[in-house]
Structures are given as structure tokens and as C-alpha cells.
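Just so you know, all these numbers are worked out from the coordinates, no wet-lab data involved. All figures in this text were calculated on a predicted structure; none of them were measured in a lab. We place every Cβ from the backbone using ideal geometry, glycine too, and count neighbours over all the protein chains shown.
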Amino acid sequence: MSSTRRQYPFHLIEPKWQRYWDQAQSFRAWNPGERLPAGHPFAVRHGLEGQQPSAAELPPKYYILDMFPYPSGAGLHVGHPEGYTATDILARYRRAGGFNVLHPMGWDAFGLPAEQQAVRTGQHPRTTTEASVANFRRQIKSLGFSYDWTREVDTTDPNYFKWTQWIFLQLYQAWFNPHTRRAEPLSTLPEPPELKTDADVRAYRDRHRLAYVSEAPVNWCPELGTVLANEEVIDGKSEVGGFPVVRKPMRQWMLRITAYAERLLQDLDTIDWSESLKEMQRNWIGRSEGAEVLFTVLAPAVDRPPSPADPAFALPVFTTRPDTLFGATYMVLAPEHPFLDAWLAQGLIPPDWPPGTPREWTGGAPTPREAIRQYREQCASKSDLERTELAKEKTGVFTGAQAQNPVNGQAIPVWIADYVLLSYGTGAIMAVPGHDTRDLEFAEKYHLPILQVVQPHDPATPWRGFVGNGLAVNSTGPHVSISGLPTPAAKRTITAWLESRQLGRAAVNYKLRDWLFSRQRYWGEPFPIVWIDGQHAALPEDQLPVLLPALDDYKPTPDGQPPLARADAWVRQPDGAQRETNTMPQWAGSCWYYLRYLAPDNRERLVCPAAEQYWMGTAPAPQTSAAVTPAPPPGTPPTHGGRPAPTPGVDLYVGGTEHAVLHLLYARFWHKVLFDLGLVSTAEPFFKLVNQGLILGEDGQKMSKSRGNVINPDDILVEYGADAFRLYEMFMGPLEMVKPWSTRGVEGVYRFLGRVWRLFVDEASETEFEQNCAAQPAQAPEFLGRIALNPGIVDAPPTAAQARTLHACIKKVTEDLDALRFNTAISALMIFTNEAMTWPAKPRSLLREFLVLLHPFAPHLAEELWAKLDAPRGGSPAALAYAPWPAYEPSRLVEDTLEIPVQVNGKLRDRIQVPAAATDADLERAALAAPKAQPFLAGKTIRKVIVVPRKLVNIAVS
RNA sequence: GCGCGCGUGGCGGAAUGGCAGACGCGCCAGACUUAGGAUCUGGUCCCGCAAGGGGUGGAGGUUCGAGUCCUCUCGCGCGCACCA
């Protein structure tokens, strides 16, 4: 393959233009108030040379963002450039459309792989990270993306993570006010009068912070030496490495994302994301509506009468089906439930099994107390993995206690079982085996009663295990009845009754948990927190950034202490305070990087408000300018006064589905906190989001080293060049689709670029060029400039047919780019090229417009040909990167005659030529006379003739 | 199990309810050539010499007309998974 002759000298063209763009800072994006240098093509295009335009004077903004990569040692794979190419094409298209485009790139460079290498080799993670970043930057630059490299960010740069730490302090100093539904400074937190001591006040405030300390059990991974977030645990194993994970209580920093559950859910309706992605976020948040119901624990051995009003006896449960309360035949607590300890202490657990307790309920233990102890021990020793694997067979034991159902006064046994989770709802359930699959399974195993309380609407459906809506039956108690009511009404009625008796209330629960934010690792942002006498305290802002100390050994200590605990001198402060030794998770830096791009060099602020408002689209709309009339971006929201309103937030964010919940939910959460605190001006960060589909290996399997089907972009670039690589990545199929790689496919688009090249250049002078290069390789760049234009290129006006070909191409490419249909846009460019190759005379003006259409896709080749096209006449009219996007003229698309298919009963029978101006009646007449249709009309009655103007005629006969 | 998405040539994929298979790959034939794994031209859904017939996972339905809309069904992919 490498012996084949190059289709065109991309190896000279591509570095040439990459150097040019770099030196000219062609893709620098300008903030409001910045001075635009004379001669910069953006300033020239918009008449702003040497000026300092305000937000209102700048053209409309377009913020197009890639998910920045974790720079791994392995370098780019072909999946990275897929999204990056799509956004680059859009960025170039929008520049041509007259927008001020912000298109930045950076590095999400904290993280586990660099740290694991440090553990293995003792090399500082900074060293490996820098090498990886340099390699990634080289690879990305070799693809010719139009990033504004002056805005490059790196999450491990102290000037960057200073602000990550600063944001953490804002979370630490804020609480969520449930009445305003916003984050507010702790100073607005009302302090209840019953708080007596300073310690009480302090504890109260600490309990309300958005960043707080928790002792709850966490997912501890001994192999990785760290705690993992729930999201990082898959089937009881670590997402990274697949190591076993166990539950272990540890002191951890948590972020109160649950306070934002409702807003994170509701605001999904305001953003333009794919339905499937929104659905994943909805599922993750997991809102469910129902009721909290108070059961009462019966305590024959205690002298007080049990009452739901007495907190010692109240047992609250959450249920989404309060209408099935009459069917509750037992209750279950999570084994770790703290109530159990209280009950044990208060004597609510009887000393002996109640008479008649079946042996299978006792777990073989002589007393309830012993049964509880044994079962709890058994659960604690199980890893999450075992819990999940054993999920098929539910287990549990009877506690010996009974509880009273508030709706009918019935006493039912209270169990503990690990199919009930402490962390959801109240950690306790009422079990309705008649109408809940899990309860049914459990009840069948332990022979607990199963009652029908819902009748399915379809009488043929068996009621046992029926979980849908129906009619309430057998649901009448001494004080309330819902029998006969349909499920929704039954829910409302019973909830209202419970509320009136103070036995329950309507309630909403979320699956979403607070975000476990600390890691027992080295290579992350240190917390801006110190501990004094066991109390945490914020470091003052002027002490940021908190830098990482130097270490010899990056391993965690065997007892789970983070590596930072080894840095004695760093941990111990002069005043006796001790630094927090956890670090932040990798998600922290990526939660806000899109904001840092807006003003990366600002030392005073996270982001300056003028830049933030301009780029996030909340600055006052620019004045209408006749010079700038950009096409509205895709998914444009309502217009203000006739011109497109700026999109709120990032206009387009492209990245992989692997971040569908984690990164995207965390970033939305931080953004909302910053919004509440007045630091940003939009409620959502990313207005439109698109997931690029995975690229599989040529064998249709996921690319992986072990399968040996990994494609390295560097190899493709050497062989075919960056333009061909970019083009192929987009030509494979729709951006969002999963699709297999095909190197043969690359050759196809490569040949297309070769045809474009030959459309523009003179064959004889190219042959000469090749001979010269072979003789004197060192002078190849010079010879490149001597290649002459194709002599067929003329300054004559285009024919109508030629103009039609171009304008059809403009129309298709424009519409396809607006809809992100890159594959069909490329096909339109191919159609134009194939057509233009046949023209003996090729009008220069048409070819020039074609290059504007081509340049977002194949920028290097387009720039080279653009320069060459006008070189004989003293150079190009303007820089291609800022040449205006051509508009298609509908009048140019009109044909004189149309070919109209004629159908009989919906089957194609003939095609007729008619003048474009033909009326419906003309069409009908011509169609009825169509020769090949005659045999199918003969002897038939014509019932109806459908004429689709300019499209088709269908004759219905009987 | 639940939720979401997708099924079209040998392959990747095109088709606002209106000529199914654009464009590309592969393949076949031809031209140029010392040569071709370069380039150019033509062909390429299936059956049929043709006329014609059949065809978008399968079965129904709506419509003058269905790859597209509706119902059922099968297959594949992704996500969640004891969340009460």
C-alpha cells in the first residue's frame, strides 16, 4: 500500500497550512473588549481591524465544545477525532457564516492511569502527564483542527485547579434553601432557637453545607486503594480494572447533589439533548412519587402504649403504592438500619421467639437477638459483588417484632433482609407480596401471606404478582375504605386520609445519591481544607492554590490512608492544623473547564462576567448589522426582534455516551450552584449536546489491544493525510451511529480528494513537480508552488447547467451541515466534483465557491487550491478561513424541463418529459398519454388521477 | 425483567408519505499504458432473452401511493437493574 503513488502532495500541503494557521493565529477567538489586530482575517471580514469591540459590536458568538480528553500514554485512537472532526467542520462553517467562534481544547489530566504508573515506576505523575499531553497535542494538531490554542487549559495546572479548589470552597460555604430552591451563602441559613452551644450551631451549619463530611459506608476498592463513587462500581466491581469492591465505613467528603435532583430533572426539558440521553439522566435521578407511611412497632414487653406519635415506636416506610396498604403482610428493614440498634436497646425486640414462629423464619438462631446479629454479620461480610450475584435468592430473618398497619390496625411481622437498601427511601418497606414481584418472591420462600388488593382491569389477568393499575379490592378498614377505586384515585384517597390522621404524607424519592467527592489518591486536586481539633475549616482564598507535595511513594498506606498522609511536613501546618489528605475525583476538573476557556488567563476570577455573558449568550444582543447576517445555528431558539437570539450556554457540545450520566450530571450540578451564587448567567451549561457513536474495528468488534484491531490515526495520516482521515471519519455514516472502521473506505475519500486536486491543477506541471521532487526532495515545498492551474479553468461566466450543479451542492451542503449530516454533505461535494470533471471549461468563480464549501471538511487542500486559484492574478481575495459562506439561489436550481414518473395504481410505468411551467392539468394530460402506461390503462376505468406538482402522477384505475 | 434505539444490496450507508438502493467501497467489462494495486469510461438488488414480475427482518392495517405512519411479532445493540 505504501508503494502506491500519492493522490496529491498532502505531505507538503498539510504541514504548510498548519504552520500558517499557527503563525497567523487564524483561529484565535476574540473576547469583548480585546483589541483586534490589523490584518487578522476575522477583523478584516467584520470591519473591526484595530478596534476593541464590545459584546454588542462583535458578531454573534458560537461556542462549540469538545469533551476534552484524558491524555493517556497510548495516544489518540480513531474515536477521539470523530467528534473533534465534526466540531471542527461546524466551527469552520460558522466562521464562514459570520459568527465569532469559540472552539477550544484542553486536557483532563488528573487521574488514575498516570498515578498507577507512578506507583509502579516511582516517576512523578506530572512527568508522564506532560509527556502524554505533548503527544496528544501533536496528534491533534496534525489533524488541522481550528482550535484557539491560546485558550488551552490543563486541569493539573495550578492556575487552573486553584479555581477548582475555589469552587469547592463556594460549595463548602453554601447551603440549599428548600424554600427558594437555590444555593445560598451559609449566612442566610436560619438557626433554630433550640441550638444552645457553639458546637450545636457549628454542627447544624455543617449538616447543611453543599460540601459536607459523612461517615457513611463507602465503596472501598482494596486493589485500587481508594473509595469509588456508586457510578464507578459496576456489578460490585470497579469500573476501572474490574477489581472487587467492598463496603467500608470511612470519613468522606460528599457533595449535596440530591438537593438539585428536581431541578436537574426539570431543566432537562429546556435543553436540546437526544431523548435517549435525557432518559438516561432521568433514570439516574430516578424520581418516584408516593407516600411515606408511619407504621407502629408493637412492644408487648415495654410499659408505654405504642403510638405512631411516639418516635420510639414509629416505623416510616416509603411506598409508591399507598393504594396497596391493605395488602401489606409483613415489613422489612435494611439489615444496617439504625432503628434496629435502638429497638435492641429499648427492648422492642423480644427476648424469645414469639410462640408459633416457624423455624424457617429464625435463621436457625435460638433468639431474635441472635438471629439479627448473625444475619447482620453475614451481610456485612458480603461484598457488593456477592450481594448482586446472590440477588437471585433473597434472604432475611424475622426480628421477632410486630408492627401495626395504620389503615386496619393489623399486626404484621417485621423482618430484616438485604433486598431492602438502607440508602433508599427510609431504609424500610411495607411488603405487599400480592402486587410486588420482589415481595412475592420473598413471601413465597418464607411462606408469608399473600393478599389480593388490586383487581386488574382485564379479568383474564391473574392478580397474583400483578403490579399495574387496576381497581382496589379488599381495601376496607374500620376508618377508611378505598375498595372499588381505580389505582390513581385510590392512591390520592388513602394518602389524604393518612395525612389527615398524621399517619403519613405524600412524598417524593430519588435514586440519586449525594456525590462521594473524596479519593484516597495522590494525583488529584488537594482540598482547600484543614482540620483543627477534629473540625474542618476552609483555607482562606489567598492560600489557593493548595499544591501537591513531593512524595517518594505514591501508594496509599495499607490502612486506607491516602498517599498524601505520608507528606508529614505538608500535612502539619505551623498553627497545629492538619491538611485534608484526600484529593478530589477526576470529575472535579471537568465540571467547569468549559467556563475556564472563556477567559483562561484571568488570575482574579473564575471567569470574567463580560466574557461569560458574551460566550454563554446572555449579553445584550448585538445591534443588527447589514454586514453580518449569519444563518441561524441549528436548533435556534426563538428570535428576538427578527434576529437569532444567542443560544444560552454552549451552542454545541460533542462527546461520547460514556459520559451520559457522570460528567454531564456533575457539570450541570456545579453549573447550577454557580448560577445560584451569581457566578454564571445561565441555568444550564450545554444547550445542545450530541453523542458521537462508537467506532468499531474492521471486524465489527469493539477496538481493543487484546483483539488487535486498534487503528492508530498516526498510521492513517502518514498514508492518506489528515484531510482524507477527517473526511472518512465523517463519511462513514451518521455522527451518532455506531459504525465499523474500514481502511478501504479511507481510500475512497482519498481518491475523491485526488480528483479535486486534478480538477484544479495542470497534469503536465504536476508530472514535472513529481520528477523535480524525486531529484531534489529538499526543495519540494518550493516546487509545490510551481504547479500550474488546470488550463480548463477560465474566467467565463458559468452555463446555466454549471450554475445549477453548484447551487444544488450549496443547498445540500448547507442544509446538511445545519443538521449535522456530514456524510450526505460529503456525498454532495463528490457529486459536484464528478460533474465538474467533465466540464471542458471550468468557470473560476464556481470553483472558488466550491472551495468554500469544501474547506470545513478538507481545510488543508482547500487552502492550497484557494491560494493557487488566484495566484496568477496576484493572490487570493481573502483568507479562506473567513471567506463568506455562499448562499444558494433558488432561481439557479430551476430546470427547463422536468422528468415526471407516471404510476398506474402506484406502480411505476413510464417517465414523461414536461416543461417546468406545466400545470397540473398539463401533467395529467401528458401522463394519460404516456406510451408505456397505455397497456395498463386499456380497458380500465380511470377512477382518479393524483398529480403531485413537479413530482409525480399516479393514475388509479379499476 | 424494565427503559431507549436500530433492522434497507456482497459491505458502509442514501431516500419532507411520492421513481428504493444517492454517495462511497468491492466486483465485472473496456480505454490509456512496458506495467497497473495509478487514472479514465461503462456496468453492478433478485428472477427473466425480453415483456414483465418480485424486493427495505416477518404478519396484518391505514392510504391513490408505505422503507417511512399504526398494531402485533422476531432479531440485534445500548442503558438501568432488588430503587419499594
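Counting other Cβ atoms within 10 Å as a rough exposure proxy, the listed residues A:Val432, A:Val530, A:Val508 run A:Val508, A:Val530, A:Val432 from fewest neighbours to most. With R₀ set to 51 Å, the beta-carbon distance separating A:Ala24 from A:Ala956 gives a calculated FRET efficiency near 0.20. Only the Cβ atoms of Lys and Arg (+1) and of Asp and Glu (-1) were treated as charged; on that basis the dipole of chain A about its Cα centre amounts to roughly 1880 debye.
Measuring r between the beta carbons of A:Arg137 and A:Glu658 and using R0 = 25 Å, the FRET efficiency lands at 0.65.
Within the stretch A:799-908, which GluC sites (Glu not before Pro) sit in a loop by DSSP and count at most 14 neighbouring Cβ atoms inside 10 Å?
A:Glu895
Farthest towards the positive end of the charge dipole of chain A, among the residues A:Ser142, A:Gln116, A:Trp839, is the Cα of A:Trp839, using unit charges on the Cβ of Lys, Arg, Asp and Glu. With R₀ fixed at 51 Å, the C-beta to C-beta distance from A:Ile831 to A:Ser481 puts the FRET efficiency at about 0.10.
Rounded to the nearest 20 debye, the dipole size of the stretch A:117-235 about its Cα centre is 420 debye, using +1 on the Cβ of Lys and Arg and -1 on the Cβ of Asp and Glu. Counted by neighbouring Cβ atoms within 10 Å, the residues A:His46, A:His77, A:His435, A:His179 run from fewest to most as A:His179, A:His77, A:His46, A:His435.
The length gained on full extension between A:Ser891 and A:Gln771, counted as 0.36 nm times the residue separation minus their Cα-Cα distance, comes to 38.5 nm. Extension gain for the segment A:Ala342 to A:Thr437, taken as residue separation times 0.36 nm less the Cα-Cα distance, is 31.2 nm to one decimal.
By the gyration tensor of its Cα atoms, with a ≥ b ≥ c the square roots of the eigenvalues, what is the shape of the stretch A:1-137: rounded for a/c under 1.5, prolate for a/b over b/c, or oblate? Because a/c hits 1.5 or more and a/b fails to exceed b/c, the stretch A:1-137 counts as oblate. Using 0.36 nm per residue and subtracting the Cα-Cα separation, the extra length available between A:Arg202 and A:Arg603 on full extension is 141.1 nm. With a ≥ b ≥ c taken as the square roots of the eigenvalues of the C-alpha gyration tensor of the stretch A:137-195, please select rounded if a/c is under 1.5 and otherwise prolate if a/b is larger than b/c or oblate if it is not? Prolate, since a/c reaches 1.5 and a/b exceeds b/c. Cross-link reach is defined here as a Cα-Cα straight distance under 19 Å, omitting same-chain residues fewer than 8 places apart; for A:Lys445 the lysines meeting it are A:Lys392, A:Lys394. Take the Cα of A:Ala780, go 7 Å toward its beta carbon, and the backbone nitrogen atoms of the stretch A:1-41 under 14 Å from that spot belong to A:3-17.
What is the order of A:Ile412, A:Ile826, A:Ile494, fewest Cβ neighbours within 10 Å to most?
Starting with the residue having the fewest Cβ neighbours, the order is A:Ile412, A:Ile826, A:Ile494.
Dipole size of the stretch A:110-150 about its Cα centre, with +1 on Lys/Arg Cβ and -1 on Asp/Glu Cβ: approximately 120 debye, rounded to the nearest 20. Between A:Trp415, A:Pro358, A:Pro797, the Cα set farthest toward the positive side of the dipole of chain A (charges on each charged residue's Cβ, about the Cα centre) is that of A:Pro797. Anisotropy class assigned to the stretch A:131-260 is oblate, per the alpha carbon gyration tensor with a/c at or over the 1.5 cut-off and a/b no larger than b/c.
Ellipticity at 222 nm from helices only: DSSP H runs of n ≥ 4 in chain A, each -39500 (n - 2.57), divided by the residue count, give -10000 deg cm²/dmol. Averaging Cα coordinates gives a centre for the stretch A:51-100 and one for the stretch A:405-483; these two points are 55 Å apart. For the stretch A:711-770 versus the stretch A:537-565, the inter-centroid distance based on Cα atoms is 49 Å. Ignoring aspartates and glutamates fewer than eight residues from A:Lys944 along the same chain, the ones with Cα atoms less than 18 angstrom from its Cα are A:Asp910, A:Asp920, A:Asp922, A:Glu924.
Of A:Lys278/A:Lys491; A:Lys16/A:Lys739; A:Lys811/A:Lys907; A:Lys811/A:Lys842, which sit over 22 Å apart, Cα to Cα? Please list the in-between numbers first.
Details: A:Lys278/A:Lys491 28 Å; A:Lys16/A:Lys739 32 Å; A:Lys811/A:Lys907 31 Å; A:Lys811/A:Lys842 20 Å.
Checking Cα-Cα distances, A:Lys278/A:Lys491; A:Lys16/A:Lys739; A:Lys811/A:Lys907 exceed 22 Å.
Look at the alpha carbon pairs under 8 Å that are at least 6 residues apart: their mean separation over the length of the stretch A:699-853 gives a relative contact order of 24 percent.
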